[in-house]
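**Q** Just dropping this structure here.
Nothing in this text is a laboratory measurement; each read-out follows from the coordinates by a stated rule. Everything quoted here is computed from the prediction, not taken from an experiment.
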Amino acid sequence: MRNGSVVIIVAVILAAVIGAVGVLGYQKFLAKSQANEQVTQSTNSTQQTQVSSSPSVNDETANWKVYSNKKLKFSIKYPPMWQVSEDIQESGSYVVLSKDKEFSEQLSIRVVGNISDSETAEKVICQGFCGEVQTFNDIKIGSTDGKKLSEPIVAVGVDYPFYVLRNTTLYIIIYHAASTSEQNEIFHNQIISTVKFD
């Protein structure tokens, strides 16, 4: 092998290891938060409610629960069997909705303040994981403008990120699944359709 090929292979392996460590560290942090803190319901900040039990023909999310947080100024629907954990702080907040304790399928919402433009927002989201050819496409979330990464990020599993920048608050919403599939893309789009901002 040529030295250039060895360097490329080592760089790719190193990038994959760093990505895996980052994802695993994040999941460990979330698991610790979930184990240490039970989600509490309070009327002034967070409210979880069951949506109507009579689904409409076209609304596959009609029986989903609603996570609503007045402090963070958003709500989102999630499947009724999923669990919620949150870490609300002034410096940045995380809310994680997960299918199971192993986080094999999850939705993470990160809320970060003091982000003034889309370029900065996209750097915060990608942090080296988005390829050079990746772009964010415009989407509508209700009446709110947002951006969705053109292709999912494939590392340890698959991440489908999108974001909304409202004033100087960045909402990063990432659906994580074990692998790519058309069903995951459909589910991701269903999630996008349920996000509401106050």
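**Q** Over all directions, what mean area does the Cα convex hull of the range 105-166 project, stated in square nanometres? Please list the in-between numbers first.
**A** Details: hull surface 18.6 nm².
Average of the hull's projected areas for the range 105-166 equals 4.7 nm².
**Q** How long are the semi-axes of the equivalent ellipsoid of the range 138-189, defined as square roots of 5 times the Cα gyration tensor eigenvalues? Whole Å, largest first.
**A** Over the Cα atoms of the range 138-189, the semi-axes work out to 22, 12, 8 Å.
**Q** Given 99/140; 101/148; 123/147; 77/148; 65/101, which pairs have Cα atoms separated by over 23 Å?
**A** Going by Cα-Cα distance, 99/140; 101/148 fall outside the 23 Å limit.
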